[in-house]
1. Looking at (1) more than 8 Å from every other protein chain (Cβ to nearest Cβ); (2) closer than 29 Å to residue B:130 by Cβ; (3) more than 29 Å from the chain's Cα centre (by Cα), which one does residue B:250 not meet, given that it meets all the others?
2. Here are A:239, A:227: which of them is under 18 Å from residue B:123 (Cα atoms) and in contact (Cβ under 8 Å) with a residue 60 or more places away in the chain?
3. Quick one: residue A:181 ticks every box in (1) modelled with pLDDT under 90; (2) within 22 Å of residue B:137 (Cβ to Cβ); (3) more than 7 Å from every other protein chain (Cβ to nearest Cβ) except a single one, so which number is it?
4. How many residues are more than 13 Å from residue A:285 (Cβ to Cβ) and assigned to a helix (DSSP H, G or I) when one looks only at the stretch A:302-325?
5. Would you check which residues across the stretch B:253-268 are within 28 Å of the chain's Cα centre (by Cα), surrounded by fewer than 19 Cβ atoms within 10 Å (Cβ to Cβ) and facing another protein chain (nearest Cβ under 7 Å) and list them?
6. With respect to the numbered conditions (1) within 25 Å of residue B:316 (Cβ to Cβ); (2) assigned by TED's automatic domain parsing to the domain that holds residue B:215; (3) assigned to a loop (DSSP other than H, G, I, E, B), which one is the sole condition not fulfilled by residue B:144?
7. Give the stretch B:191-235 a look and list any residue that's surrounded by fewer than 22 Cβ atoms within 10 Å (Cβ to Cβ), more than 7 Å from every other protein chain (Cβ to nearest Cβ) and within 22 Å of residue A:206 (Cα to Cα), or say none.
8. Which ones in the stretch B:237-247 are more than 12 Å from residue A:242 (Cβ to Cβ) and more than 7 Å from chain A (Cβ to nearest Cβ)?
C-alpha cells in the first residue's frame, strides 16, 4: 500500500519481476478490493500471488513510534511478520522508511553479533555499481558499528555483485591515516588488523563514490544519507540543465536528436530505478526498501535484490565473517594478555 | 609557489584579476628567479606587483604541524604575516590546505566571539550559487560552532552575492524537527530563537545543495567535506560519461557539434574554476584558498573573492551579527532568571 502511487506500481512491478524470476512467489498484504483487480490485469501473476487482506496501512506521515504502536496488523507489519514466521524469505516495501525500519528492527531483532542494523544500497559509479552503507539508519555510530557495517557491506557485494573479495573503504575527509575523527581512526585500525574476506583499502573521499574506486563504501548514517542525496541531487541538477540546454535552440534540438541513443544509455545507467532496493542489513530476516517514487520496473529491481539476497544466504555469510572477526579479536586479547 | 602547477598559474591569474579589478595590487612571495620573468611576461602587472623573495616554501606533502614549526618564513607564512601586519588586505594561496589553515589560525587567531574558523565556498546550483560551510576545517563541531558558521556564512552571502537577507539552513538527514543528532537539533533551536539578519529556514537535505533551495548551507567539516567532494565527483562522472557517449558513434558526434554551444554554457556553469576561492572565515584577517588544480582564470576568481571580501567589510558584518546574537542570548538568560 506504500509508495507515492500505491498498489499499481507494486503489482505491475511484481509482474515484471516474475518475468525475470520465474520461481518467485508473492504474498501480497493490503486492501484486497484494490489489489485483486490489479492482479487479474497481469496474467503472469495468476498462479503466484496470495492476497492477504487488511484495512490498515502505515501512512507516509506516520512517525516511527506511532507505527510501532498501532502498525502490527497493517500491510507493512503483516509482511514483516510473514518473514519472521518463515512464510516469506523477504519483505519488500515502498512505504514510510522510518516506520519500516523501526518495525523491522522491533519485530525481527538484530542478528547475533550485530549491534545496529544498517541501510545499504547499490549506487551507480563511472565503472559499474558500488555498495554504500549506512544510508540513514543510524545518525551516530561507534567504531564497532562501522566494522560491522563493513562486514555486512562486503557480504552484500559478494551476494549481489558476485565479487569474491570486494574492496572496502571508510568514507573520510582525506586518505591519510591521521585524517578524520577518533571513531573512524579506530574503525580503520580494527579493519586493518582483522583477517576478513575483503580487500580493506583504508579511507576513501567523497570523490571515490562516483569514481567507483572501491566496491563497498562504509560510513555512518548521517554522512551516508547526506552523500547519497547530494549525489542524487547533483545528477538530477545536471540532467535538468542538460535537458534545457538541449532544447535551447533549433541547433541544440537537432543535436539532441542525433545524440539521443547515446544520451539514453547514459540516462539509463544513472536512473535510480535501475539501482533500486535498499536493504536493512543485520536483522534476523530480510527487509528491502523500494524508493517511494520508484517506477514498476524500479520496484521489480527491488524484488530482484530481495531474491538475490534470499537465495545466496546473505545472513550465513555475515554470521561467518562476524565469528571470524570475533575470534581474531579474542586471539588479539589473548596475545596481549600473554 | 603552491598549487599543482606553481607560479605560472598564480601570475597569469593575477594578470586576469588585474584586468577585472584595475585597483588591485599584489605582494608576491616566493622564488624571485621564477616569479620575476613571469611577471614581465604580463605588461598589465608592471606597476602593481612587489616581489618579496624567499627560498622557502611549504610542500604539498608537508603535515600542518611541520609547516607550523618551520614555515613562518616560507612564501605561505610571509603572505599571512603581510595580512597580520596590515600590509595586505588578504592572502590568496593555491598551496597545501592543511598547512594554510593551521598557519592562518595560529598567526591570525580567531575573531572575538568565534571559537573555530570555518572553510566556506560558493557552489554552483541549478539556479545560481550557494555558500556552503564548513568544508573541512573542523571534523567535529558543537551546536555553538554551527551557529557561528551560520552567522559567517550569511555574512559571506551578503558580501559576495549581495543578498540582503540570505536564506540559511542546516544540512540534515531530513527536514522534520525530530531528525538528526542532538548537536544539530540544538543549533536549530538557537538559530530559530535568534534575531539575525538572515532568513533561517531550518533543515535542508543533500538534495537541497544542488537545488539551490537556500543561499547558505551550514554543516560540520566532516559532512561538508564529504558532500562537496561527492557533488564534484558526481558532476565529473557525468561529464566524463557524457563526453564518451557523445563520441560514441558518428551520429552522436554530429549531435555534439550541433549542441556544442549549449553544452559549453552548461560546462561553464559547473566548472569549479568559476566558483574558485574558499575563504577561511572567522580569523582576524582574510585568507583565501584557491583549488590546487585551478586554472589561471580560476585563480583570478579566487583573487576576486578576496577583493570582494576585503572591500565590503566582511569582518565588520560578522562582528555586528555576533554581538546581536550574544545580546539576544543574554536577554534570554535574563528573561529566564526573572
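The values are calculated or read from the model by the stated rules, or taken from the named source; none is laboratory data. What you see is a predicted model, and the numbers here were worked out from it, not measured in a lab. For neighbour counting, all protein chains shown are included, and Cβ atoms are generated from backbone atoms with ideal geometry for every residue, glycine included.
1. All conditions are met except number (2).
2. Values: A:239 fails: in contact (Cβ under 8 Å) with a residue 60 or more places away in the chain.
Only one candidate qualifies: A:227.
3. (3)
4. Restricting attention to the stretch A:302-325, the residues satisfying the condition of being more than 13 Å from residue A:285 (Cβ to Cβ) are A:302-305, A:307-308, A:311-313, A:316-317, A:319-325.
Then keep just the ones that are assigned to a helix (DSSP H, G or I); that gives A:302-305, A:307-308, A:311, A:316-317, A:319-325.
Counting residues in the stretch A:302-325 that are more than 13 Å from residue A:285 (Cβ to Cβ) and assigned to a helix (DSSP H, G or I) gives 16.
5. B:265
6. In the conditions (1) within 25 Å of residue B:316 (Cβ to Cβ); (2) assigned by TED's automatic domain parsing to the domain that holds residue B:215; (3) assigned to a loop (DSSP other than H, G, I, E, B), residue B:144 misses (3) alone.
7. Within the stretch B:191-235, B:203, B:212, B:213 meet the criteria.
8. B:243, B:244, B:247
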